[in-house]
Amino acid sequence: MIFSWRRARRTLFACMLACASPAIAGQSAPVETVEISARPISQFHVGHDDTRFGPLEFVGGLEMTSPARDFGALSGFRFLKPGSDFIGVADTGFWFFGTIVHDADKRPSGIENFRMQQMVDASGRPIDRKWEVDAEGLAVKDGVATVGFERDQRVAQFKIDPDNMKAPVRQLDYLIPAQELRQNRGFETVTHANPYGQHAGGLVVVSERSLDKAGNVYAAIIEGPHKGVFTVKRGGDFDITDGAFLPGGDLLLLERSFSIGRGVKMRLRRIYGEIIEKGAVADGPVLMEADMGYQIDNMEGLDVWTRDDGALMVSLISDDNHSILQRNLYLEFILHQD
């Protein structure tokens, strides 16, 4: 099914902390232009025309397919231009870039200019050992992409160049003791805090399901004036797959659960920003939850952006694990603040 086979395939690999800072490579892997077919999704709740789900209003979505062998496994993305040009990472060790196209009613209608490029080592050679490039979380700021990797646990920074992505320029201290990070439950969330808030735009990382003795999820503020480790209260059997800060300073988390009997579920949870600090246990309300009766799959990526009419938008993507039983989805919502 969706997750059990994937975990089994990964259990033989050791987790280790990379401590060297590789130099920028003089070479890069070739960029592959990928043809994407995008089928519009007009109903989020299958068979129903309702669009409001708590504070979230469904705008539209896309189911993406491609004949390209490497397309899929999309695990994190961020917009470079609000609602349009984007950068992303696949957990198979690829970068991807493209553009979301909207129709006259502001609904997503297609994907253009989609390209993929394999991640490379310091000498510019593509990295074929996928356990080394299991990219999961992504943040973007000032032309720099910060990526969280699982299995070979690390947080690394790259200069963004859609035509020539090279090796990382440096690796960051993520503060959480390496032995506390579970092999396949590492940094799914890498995001910049509110630039005007207490953490002054610093990087915040949250693990998927690396738990402390109390059962809370390890996280850390790794930049800014108040660096330190904190935890997020785990709710039920949901794991954290991505997150982004809202303009007001709260942290919006995307979460997922899975069982053989009921399939996959997703939810969005709002973590109060004022309690994200060193030593704290952060928590907040669930905004929306959806099961297989809705247009969801293995939801892994999230971004928050502001539309040209001022609407606060939430975009989600799914990771198909390169399985014929799963789908690559793009979903778009308005987050109402009233």
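Here's a check for you: in the range 80-139, which residue that is of a type in the set (Ser, Thr, Tyr) and closer than 25 Å to ASN321 by Cβ is surrounded by the fewest Cβ atoms within 10 Å (Cβ to Cβ)? Applying the filter and picking the extreme gives THR99. Each residue in the range 231-244 was checked for being hydrophobic (A, V, I, L, M, F, W, C) and more than 24 Å from ASP134 (Cβ to Cβ), and 0 pass. Restricting the range 256-272 to residues that are without any contact (Cβ under 8 Å) to a residue 24 or more places away in the chain and under 22 Å from ALA244 (Cα atoms), the residue that is surrounded by the fewest Cβ atoms within 10 Å (Cβ to Cβ) is TYR272.
Scanning the range 302-338 for residues that are under 21 Å from LEU80 (Cβ atoms) and either acidic (Asp, Glu) or part of a loop (DSSP other than H, G, I, E, B) (or both) gives ASP303, ARG307, ASP308, ASP309, GLY310, ALA311, ASP319, GLU332.
Return yes or no: is GLU223 touching a Leu at 6+ places or on another chain (Cβ under 8 Å), among the charged types (D, E, K, R) and within 21 Å of GLY54 (Cβ to Cβ)? No.
This table checks each residue for (1) farther than 20 Å from ARG267 by Cα; (2) modelled with pLDDT of 95 or more; (3) in a loop (DSSP other than H, G, I, E, B).
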| residue | (1), (2), (3) |
| --- | --- |
| SER210 | no, no, no |
| LYS213 | yes, no, yes |
| HIS226 | yes, no, yes |
| PHE230 | yes, yes, no |
| GLY236 | no, no, yes |
| ASP242 | no, yes, no |
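Of the residues screened, VAL101 is one that is at pLDDT 95 or above and either β-branched (Val, Ile, Thr) or farther than 20 Å from LEU316 by Cβ (or both). Look at GLY197 and say whether it is farther than 12 Å from ASP239 by Cβ, touching a Gly at 6+ places or on another chain (Cβ under 7 Å) and of a type outside the set (Ser, Thr, Tyr). It is true that GLY197 is farther than 12 Å from ASP239 by Cβ, touching a Gly at 6+ places or on another chain (Cβ under 7 Å) and of a type outside the set (Ser, Thr, Tyr).
Restricting attention to the range 74-116, the residues being in contact with a Ser or Thr (Cβ under 7 Å, 6 or more places away or on another chain) and farther than 16 Å from TYR330 by Cβ number 2. When the range 265-284 is filtered for residues that are modelled with pLDDT under 95 and within 17 Å of the chain's Cα centre (by Cα), nothing remains. Within the range 100-115, residues that are under 18 Å from PHE77 (Cα atoms) reach partners that are of a type in the set (D, E, K, R) and not in a loop (DSSP other than H, G, I, E, B) with beta carbons closer than 6 Å, at six or more positions or on different chains, in the pairs VAL101/GLU112; PRO108/GLU332.
The values are calculated or read from the model by the stated rules, or taken from the named source; none is laboratory data. For clarity, every value in this text was computed on a predicted model and none was experimentally measured. Using ideal geometry, Cβ is built from the backbone for each residue, glycine included, and neighbour counts are taken over all protein chains shown.
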